1. How do the strands (runs of 3 or more DSSP E) wholly within segment 127-218 filter down when requiring 2 or more residues that are free of Cβ contacts under 8 Å to residues at least 60 places away in the same chain: which remain?
2. Tell me which residues, restricted to segment 221-257, are touching a helix residue (DSSP H, G or I) at 6+ places or on another chain (Cβ under 7 Å), in contact (Cβ under 8 Å) with a residue 12 or more places away in the chain and within 22 Å of residue 142 (Cβ to Cβ).
3. Considering only segment 377-452, give the helices (runs of 4 or more DSSP H) lying wholly within it that have at least 3 residues that are without any contact (Cβ under 8 Å) to a residue 60 or more places away in the chain and under 26 Å from the mean Cα position of the chain (by Cα).
4. Could you check segment 75-90 and list, in sequence order, the residues that are part of a strand (DSSP E or B) and surrounded by fewer than 20 Cβ atoms within 10 Å (Cβ to Cβ)?
5. Please list, ordered by residue number, the helices (runs of 4 or more DSSP H) wholly in segment 258-372 having 1 or more residues that are in contact (Cβ under 8 Å) with a residue 60 or more places away in the chain and out of contact with any strand residue (DSSP E or B) (no Cβ under 6 Å at 6 or more places or on another chain).
6. Test of understanding: among 111, 106, 72, which residue is more than 18 Å from residue 51 (Cα to Cα) and either at pLDDT 95 or above or surrounded by 13 or more Cβ atoms within 10 Å (Cβ to Cβ) (or both)?
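The values are calculated or read from the model by the stated rules, or taken from the named source; none is laboratory data. Just so it is clear, the model here is predicted, and its values are computed rather than measured. Glycine gets a Cβ as well: all are built from the backbone with ideal geometry, and neighbour counts include every protein chain shown.
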């Protein structure tokens, strides 16, 4: 009996070994070697990924196979609007790798054409994507500057009333206020928005020429490489004492609405423009709204690419991990390290926020920014509603000393600048964060003209 049992065990063992040999014998790589996460941030990189023919960094791809013949690629946050995109593939054995290619329509409706090669050490993956049909998929220029009659809240006849006044109708920055209190706060809110709209209608056309919502889900901007001016003075060269006349003139124009189309056109003379790289910002349409996502690792890698201290791949890896694991504390720490390398003013403000404030920025970095979009009289308005902006407006008083501390000493001590910051960021009755409560509808964004 014992002998029969031993023969049975030997037979079973032989059967299992034979089965394994029949399943995997002759395979270039066993499934277990290929089943892993491939990443462009890993050192050395294990993922060579292109999207629309250009390198895409800061992303990962998971691969699983049971037989080294068929498998599933899972694209992690690569297709715009999709957290994970599974692609079933068939492997073709080559001399030193498995290759694959094909086309698939994702659950979100995107058409993905893919090709690549895989080994246990590296994956090469080339993607060409066409997003679902959208009427917003086109190029847009900045709207021309026009003025005319518009309803605002003003003080007249001993009371606050709605009244037609001469205001901006179209321009680079879109502002729409409605359901505003008939109070001093409501009237003053219109004055603050007049200041902001006039200033941004002056500066935005100097910074931005066009934006394009591409068929592959990329958002590309034509932006300036020229200095930004106030009058005839480049902002970077402003001397608050020497240029006080120019500063006062334009602050007055902004505050009481004396900005003209000529002022803007003069600032646009002889400007140069260049297109932003792809794979930095993406867009998707969701219920007549646009969701804009930033590829933070790619943006940081690009920003430090030509610097004296190129960013280490381990730092990008940490940023990716912090985003993936929803760890705002770690991300803030890493962004602080990045800012010490590139000394970016905006990044400096973000990394100086308290934890609660940074949490709100973190949400936008991980989940994206939702913009409303609508057409009106041939214009396209891309804007944020009050519900989206209120939390950040309420952060302004806490950020005011940070902004003041980042200004050159002569500018920070200049009365005009200090008063201006107080009107926009102050926490008193004249400050925007307090006045913000005087209206139920506050839409802010870009006023665009579609280009056919």
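1. In segment 127-218, the matching strands (runs of 3 or more DSSP E) lie at 146-156, 159-170.
2. The answer is 223, 224, 228, 229, 230, 231, 253, 254, 257.
3. 386-393, 396-406
4. 76, 84, 86, 88, 90
5. 261-267, 296-303, 313-324, 345-351, 355-367
6. Exactly one of 111, 106, 72 is more than 18 Å from residue 51 (Cα to Cα) and either at pLDDT 95 or above or surrounded by 13 or more Cβ atoms within 10 Å (Cβ to Cβ) (or both), namely 72.
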